[in-house]
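The values are calculated or read from the model by the stated rules, or taken from the named source; none is laboratory data. As the structure is a computational prediction, the values presented were derived from the model and not from experiment. Note that each Cβ is placed from the backbone with ideal geometry, even for glycine, and that neighbours are counted across all protein chains shown.
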Amino acid sequence: MSRNQVQNQAQNPSRDRATVPVIETRGLGKVYSPGSEAEVVALKGVDLKIRRGDFVAIMGPSGSGKSTLMNLIGCLDTPSAGVYECDGIDVATLDAEELAILRRDKIGFVFQGFNLLPRMSALDNVAMPLGYAQVPPAERKRRAQEALASVGLGERSSHRPSELSGGQQQRVAIARALINRPPILLADEPTGALDSKTGEEILALFKRLRDDDHTVILITHDAEVAAHADRIFVMRDGELHEEAHPRVEHAPTGPQA
Amino acid sequence: MNFLDILRTAIFALRGNWMRSALTSLGVIIGIAAVIVMVSVGQGTQAEIDKMVSGLGSQRLDISPGARRGGGGVRMSSGSFFTLDEGDVEAIRNEIPEVQYVAGALRGSTQVVYAENNAATSWQGVQADYFDINGWTIENGEGFDAQDYTSAGKSVILGDSVRRTLFGDDSGVGQTVRLGRVPFVVAGTLKAKGQGGFGQDQDDVVMVPLQTARRRLMGAMGLPAGAVMQIALTVTSAKDLGYVQGEAEALLRQRHKIAPGEEDDFNVRNISEIVATRTATTNLMSKLLGAVATICLIIGGIGIMNIMLVSVTERIREIGLRMAVGAGPADVRRQFLAEAMLISLVGGVIGILIGVVGALLVGRFSDLPIVLNGQVVALAAAFSICTGLFFGYYPARKASQLDPIEALRQQ
C-alpha cells in the first residue's frame, strides 16, 4: 500500500463505519528472534475484533504477551503471522514512514508515565502531534486549546508539566492523544502512576470519551481498573481470551479467542 | 513539520542546553575563522604576485653571474663571480634590437648619514635605463645628469624610506649626505613603491651612478674593470621575451668564449621563473593554513557529532514519544540534522565575524597581504553548513532508526 493510500484512507474514514471493526486481527502471531535459540513466541493466533465506540480492557500478567499485543495494535510493531487491519488498513505491508502516518491518524497513545515533554507548556505538548500532520500553526493552537478544555484543563494551557498534578498531567496526555481525532485511544496502564481517586477520574474521562464514539483500549494488570471497561480480554501465554463480564451493557460482538 | 517548525524545534532544543551548544559550536567558530584568515591571506598573496607580475612586467630578464663549475666543484674566486661587465651591457644594447632598456648594476650596503640621522640601507650603482626597467620615478629633484654617469659624479638618489629617516618631511634635494665616509649630494628622491612582492621595503634603498659605485663604494674589493653584478633588461614586446633570452644567452656565451658543451658562467632568469618560485612558496603556505583549517573543522565536526549522539541518547524517550504520535523516521532525522546544522551555522556566523576581524588584524600588523571579499565569506558559510550536515547526519540517522518501542521503554 502506498503512502498516499494510507493518507487517503486516513482522511476519508470508511463509509460503512458501523460494520467495519476499527480493529480486527485474524490469527495474529509474533515471534521474537525466530530460528535462533532465543526464539520467543510472544503471541499465538490472536483473533480480536473491536468496534467503534467500544471500551475494551486487555489484562494479563507481565510476560503474557500483553505488551506485544499493545505494540501491534498501536502500529509500533508489525506481526510475524496473521493479519491486523487497523481501521481497515492492513499494516503488514507498511514501512516505518507509513506506520508513523498510521499512528498519527488512527491512534492516540496514553502512557503510564504521561510522557509529556518537560520544557514545553501543556498547550505545546498537546499541539505537538499536529506539527507532524502539517496543520498550520494558528489552527494547532486553537485545536490544542479546545482539546485541553475538553479534558477540563482550559485554564492551565500555559503551565509546564512540572506545575501540574499527576492527574492533570495525564489529562494533558489524553488531550494530546485526542488532538488528531484518532478513532482509537490506546492507554497503557494510564492509572498506574495515579492515586485511586485520580485514577477513577481518568477512567470516568475514558467512559465519557467512549460515549463520544471514541474507541478506548485499556491495557492493565489491575482487575479493578479493567472492570470499568465494557469488555475484558485476558492474555495468557500469548493467547487471548474474553472474560465473561458482569455488566453486559454492550453485547459481545467479536468472536471469542 | 514544515521548515519553520523544524527550525523552532531545533532552537528550542538547543536553548535547553545553551552552554553545551555554545561550547560545541566553538570548534566550528575556530575552524571557520581559520578558513577566513587562510583564504584572505592566500588571495592577498596571489593578488600581490599578480601585481608584481604586472608591475615588473613579463617583459623583463635578469642576468646574474653564475660561477662556472670546474671539474671538482664550484670555483668561488672573484674572477668567476664577476663574469659580467659593461661590455656585455653595451653588446646586448647594440646587437639585440628587440631590447628596449638594458642596464648593469652593482649593489651593496652602507650607512647613510645626514647630520645626527643615519640609516643602514642598501645602495645600487645603476645605469640610466635602470629606473625605467624597475619602474622607479623621480619624485623630487632632477635625478642624475649625463655627467654623473660618465664622470662618476658624487650624486645620490634616495629611496622614500631613507629620505624620511634622514629628512623627515623635507625632500633633502641639494643637501649633502655621507655614504660611509664619502659625501654625496642628493640629486633626487624616488617615488615610494611600498612593500614588494617578497614583503620587503622596496623604498629602503639609495641609488648612485654605476661608475661612482665602482670607484667610491666598492673600491676596496678589487673589482675587475667594468664589472657589474647584474644586468637587467626589458624587451619592447612580451612575445619576444623567449627569443631575446636565447639571443642574450648566445651573445654572452660568445663574448665569454664558452665552448659548446660547457656550462654558462651566468644565469638568465625571466620574471615567470621568479613568480613560479614565489607561487610555490605561497601554495605551500596556503596548503599549511588549509590543513590547519581542515583539522579545526574536523575537530569541530567531531564535537558536533559527539554532542548530537549524547543528545540522541538523552532524549531517547522524547524520540520514542514523537514517533508514537506520528513522527516518521524522516521527521526525526530532519529534526536532529537541523540541530546539528544550527550549531554549525551559528558557529559559522560567529567564526566569519572573528575570521574577518582576524584577517584585518593580520593585514594591519604583519607583512602578509590580505584580500577579503564576499567569496571568502560565502566559502566559509558553505563550509560551516557542510560540517553540520556531514557530522550531524550519522547521529540524526541513528535517532531516526530507533525502535519506538525500545525508545519508549527507556527510563
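Numbers at a glance
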| item | result |
| --- | --- |
| Matching strands (runs of 3 or more DSSP E) fully within the stretch B:162-259 where at least 1 residues are more than 23 Å from B:Gln59 (Cβ to Cβ) and touching a strand residue (DSSP E or B) at 6+ places or on another chain (Cβ under 7 Å) | B:176-179, B:182-190, B:205-209 |
| B:Val275 being within 30 Å of A:Arg176 (Cβ to Cβ) and part of a helix (DSSP H, G or I) | no |
| Residue within the stretch B:294-308 that is facing chain A (nearest Cβ under 8 Å) and at negative phi present | no |
| Count of residues meeting criterion [hydrophobic (A, V, I, L, M, F, W, C), part of a helix (DSSP H, G or I) and surrounded by 18 or more Cβ atoms within 10 Å (Cβ to Cβ)] in the stretch B:351-380 | 6 |
| Residue within the stretch A:104-121 that is buried (at least 21 other Cβ atoms within 10 Å of the Cβ), over 21 Å from the mean Cα position of the chain (by Cα) and on the phi < 0 side of the Ramachandran plot present | no |
| Which listed residue, of A:Glu85, A:Glu98, is charged (D, E, K, R) and outside any helix (DSSP H, G or I) | A:Glu85 |
| Some residue of the stretch A:56-66 being within 14 Å of chain B (Cβ to nearest Cβ) and of a type in the set (A, V, I, L, M, F, W, C) | no |
| Residue among B:Ala33, B:Ala22 that is free of Cβ contacts under 8 Å to residues at least 12 places away in the same chain and within 30 Å of B:Asn373 (Cα to Cα) | B:Ala22 |
| Of all residues making up the stretch A:122-144, the number that are more than 11 Å from chain B (Cβ to nearest Cβ) and surrounded by 18 or more Cβ atoms within 10 Å (Cβ to Cβ) | 4 |
| Pairs where the first residue, in the stretch B:120-132, is over 8 Å from B:Ser109 (Cα atoms) and the second is hydroxyl-bearing (Ser, Thr, Tyr), C-beta under 7 Å, 6+ apart | B:Gly125/B:Thr212; B:Gln127/B:Tyr149; B:Ala128/B:Tyr149; B:Asp129/B:Tyr101; B:Asp132/B:Tyr101 |
| Selected residue [in contact (Cβ under 8 Å) with a residue 40 or more places away in the chain, more than 14 Å from chain A (Cβ to nearest Cβ) and in a helix (DSSP H, G or I)] from B:Gly320, B:Gly290 | B:Gly290 |
| Residue check, B:Ser366 at pLDDT below 90, farther than 30 Å from A:Arg176 by Cβ and either aromatic (Phe, Trp, Tyr) or in the same structural domain as B:Ile405 (by TED's automatic domain parsing) (or both) | yes |
| Single match in A:Leu99, A:Leu148 (criterion: free of Cβ contacts under 8 Å to residues at least 40 places away in the same chain, more than 14 Å from chain B (Cβ to nearest Cβ) and surrounded by 17 or more Cβ atoms within 10 Å (Cβ to Cβ)) | A:Leu148 |
| Lone unmet requirement of (1) under 16 Å from the mean Cα position of the chain (by Cα); (2) modelled with pLDDT under 90 for A:Ala193 | (1) |
| Given (1) surrounded by fewer than 16 Cβ atoms within 10 Å (Cβ to Cβ); (2) over 48 Å from the mean Cα position of the chain (by Cα), index of the condition B:Ile295 fails | (2) |
| Some residue of the stretch B:383-397 being surrounded by fewer than 23 Cβ atoms within 10 Å (Cβ to Cβ) and within 14 Å of chain A (Cβ to nearest Cβ) | yes |
| Residue count for the stretch A:68-94, restricted to those that are within 9 Å of another protein chain (Cβ to nearest Cβ) and charged (D, E, K, R) | 1 |
| Boolean, B:Ala120 is modelled with pLDDT of 90 or more, hydrophobic (A, V, I, L, M, F, W, C), surrounded by fewer than 18 Cβ atoms within 10 Å (Cβ to Cβ) and outside any strand (DSSP E or B) | no |
| Conditions (1) within 30 Å of B:Val177 (Cβ to Cβ); (2) charged (D, E, K, R); (3) at pLDDT 90 or above; number of the one not met by B:Asp62 | (3) |
| Matching option when the condition is out of contact with any Asp or Glu (no Cβ under 7 Å at 6 or more places or on another chain) and among the β-branched types (Val, Ile, Thr), among B:Thr83, B:Thr150 | B:Thr150 |
